[in-house]
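Step one of this worksheet: look at the structure below.
The values are calculated or read from the model by the stated rules, or taken from the named source; none is laboratory data. This is a predicted model, so every value here is computed, not measured. Note: ideal-geometry Cβ built from the backbone for every residue, glycine included; neighbour counts use all protein chains shown.
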Amino acid sequence: MEISIFLARFLGGFYLIFGLLFIITRQLGKTIEMTENKAFVISTGYISLLLGLATVVLHNVWVWDWKVAITILGWSTLIKGILKIGFPEFIHKQAQHFKAHQVIEAIVLLALGGWLVWMSF
């Protein structure tokens, strides 16, 4: 299987599941509240860093089609991991902006996940 297809299915499924969970359980607001805990932010930063770095190493493809979305997601995840580890207070501050729009963000996750899965088949 081509790496682009694999990553589109993996990330698409991930975003679909989390988008649905955030809408059904309203968990996104609770997760945002957890950004007050620096240890939580830093530990999730390591996970983001690893996922982003793996995606960038495996799929650093800059082309003019849908596959560039995976590369952009990989780089943004890598940068997010670095910010979470190095600047947890900044992450907490930014998370507060998202708190009021958690349903919109969950819908965006669902749409992105659905689009990635659609493109992978």
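What the table below lists for this structure:
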item: Cβ pairs under 6 Å, 6+ apart, first in segment 20-41 and closer than 17 Å to Ile104 by Cα, second part of a loop (DSSP other than H, G, I, E, B) and not aliphatic (A, V, I, L, M); result: none
item: Test for Phe87: is it in contact with a helix residue (DSSP H, G or I) (Cβ under 6 Å, 6 or more places away or on another chain), aromatic (Phe, Trp, Tyr) and farther than 23 Å from Ile3 by Cβ; result: no
item: Pair list, Cβ under 9 Å, 6 or more apart: segment 97-121 residue within 16 Å of Ser4 (Cβ to Cβ) and of a type in the set (A, V, I, L, M), other residue modelled with pLDDT of 90 or more and not in a helix (DSSP H, G or I); result: Leu116/Trp66; Met119/Trp66; Met119/Lys67
item: Condition met for Ile70 (touching a His at 6+ places or on another chain (Cβ under 6 Å) and assigned to a helix (DSSP H, G or I)); result: yes
item: Lone qualifier among Lys93, Lys80 - being in contact (Cβ under 8 Å) with a residue 12 or more places away in the chain and of a type in the set (Lys, Arg); result: Lys80
item: Residue check for Lys67: buried (at least 16 other Cβ atoms within 10 Å of the Cβ), out of contact with any Pro (no Cβ under 6 Å at 6 or more places or on another chain) and touching a residue at least 60 places away in the same chain (Cβ under 8 Å); result: yes
item: Residues located in segment 49-71, provided they are touching a Gly at 6+ places or on another chain (Cβ under 6 Å) and either of a type in the set (A, V, I, L, M) or more than 12 Å from Ala8 (Cβ to Cβ) (or both); result: Leu49, Gly52, Val56
item: Looking only at segment 71-87, and only at residues there that are surrounded by 19 or more Cβ atoms within 10 Å (Cβ to Cβ) and within 11 Å of the chain's Cα centre (by Cα), the one that is farthest from Ser120 (Cα to Cα); result: Gly81
item: Selection count, segment 2-23, where residues are over 19 Å from Val68 (Cβ atoms) and surrounded by fewer than 14 Cβ atoms within 10 Å (Cβ to Cβ); result: 1
item: Single unsatisfied condition, Val63 versus (1) at pLDDT 95 or above; (2) more than 14 Å from the chain's Cα centre (by Cα); (3) β-branched (Val, Ile, Thr); result: (1)
item: Segment 96-120, subset over 16 Å from the mean Cα position of the chain (by Cα) and either surrounded by 17 or more Cβ atoms within 10 Å (Cβ to Cβ) or at pLDDT 90 or above (or both), residue nearest to Ile17 (Cα to Cα); result: Trp118
